[in-house]
Amino acid sequence: MKRIIKISITAVLFALLIFLCSCKSNDITQPESTSAYTDLTTSETTAAENQSYKEYYDCPEDFEELKSVNGDVYAYIVVPGTNIKYPVLISPIDDNYYLRRDWKKRSSYRGCIFTQSCNATDFSDPVTVVYGHNTDRGDMFSVLLNFKEKTFFDENEFFYIYQPDRTLVYRIFSAHTYDTRHIMNSYDFTSNKVLADFQDTLLNPQTLVRNVRDDAGLSDIDRVVILSTCAKPRSGSKERFLVNGVLKEEIIFE
């Protein structure tokens, strides 16, 4: 049976602050572990949220089986409330390889869900962009446009990214239209100012098509995943539609 370690991002930040203060006072103590199960969840995570997570702790697919079909599979994404349940791929030879190929490498205008080499495959970057087409068949990332509707946005708060040894829980904090700039090539996120300015565009989108959670906020150590698709199906649209999530918890399986 897998041993689960839940890591609350808020709690980790709080623990880091305590650690830094302790260093200054030169009196560092380490608590003794009393359980094989480490629960760092803070009071910010309600019992209802915990219960909703449990349904999504485990990946619905077998990674070994997926990778036996295509070794470029490195993650799996689920967006509750939608039909988005797909492997996530990255090509070692061409960033746009999966733009017109399905996850089994067969030619397809629908493509598949993928990231590019500008992003790390452990989702450790301050901003990671995950791409998927808006097709005329309602698959891939087409249904992300449901997040235009406030009721749908309010009722669907999380998405999940799975890797063989962990589950990453993201809270959706905004959804909105955006221009066609390649985000990772247009911004130097190693600059704190550039990162802060970009985060502000996600928290305060300058567009009429937008939904933002009232309590949304980001810091320079937050990890954001952007789900990106065209604003209109199968078009040369000059707009993208983005659904933005911030890492809330990391559930590690040992």
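The values are calculated or read from the model by the stated rules, or taken from the named source; none is laboratory data. Treat the numbers as computed from the prediction; the structure is a model and nothing was measured. Positions of Cβ are generated from backbone atoms using ideal geometry, with glycine treated the same way; all protein chains shown enter the neighbour counts.
Couple of notes before you dig in:
- Among the criteria (1) over 16 Å from Ser228 (Cα atoms); (2) in contact (Cβ under 8 Å) with a residue 24 or more places away in the chain; (3) in contact with a strand residue (DSSP E or B) (Cβ under 8 Å, 6 or more places away or on another chain), the one Lys105 does not fulfil is (3).
- If the condition is being over 14 Å from Val225 (Cβ atoms) and charged (D, E, K, R), then region 167-202 contributes Asp179, Arg181, Asp188, Lys193, Asp197, Asp200.
- Taken over region 115-132, the residue count meeting the criterion of being surrounded by fewer than 23 Cβ atoms within 10 Å (Cβ to Cβ) and not in a strand (DSSP E or B) is 11.
- Residues of region 40-77 that turn out to be at pLDDT 80 or above and not hydroxyl-bearing (Ser, Thr, Tyr), as a count: 17
- Scanning region 165-216 for residues that are farther than 23 Å from Ser142 by Cα, touching a residue at least 60 places away in the same chain (Cβ under 8 Å) and of a type in the set (Val, Ile, Thr) returns a single hit, Thr167.
- Cross-chain or 6+ apart pairs with Cβ under 6 Å, region 120-148 first and under 21 Å from Asn96 (Cα atoms), then part of a loop (DSSP other than H, G, I, E, B) and polar (S, T, N, Q): Asp125/Asn119; Thr128/Asn119; Val130/Thr115; Ser142/Thr135
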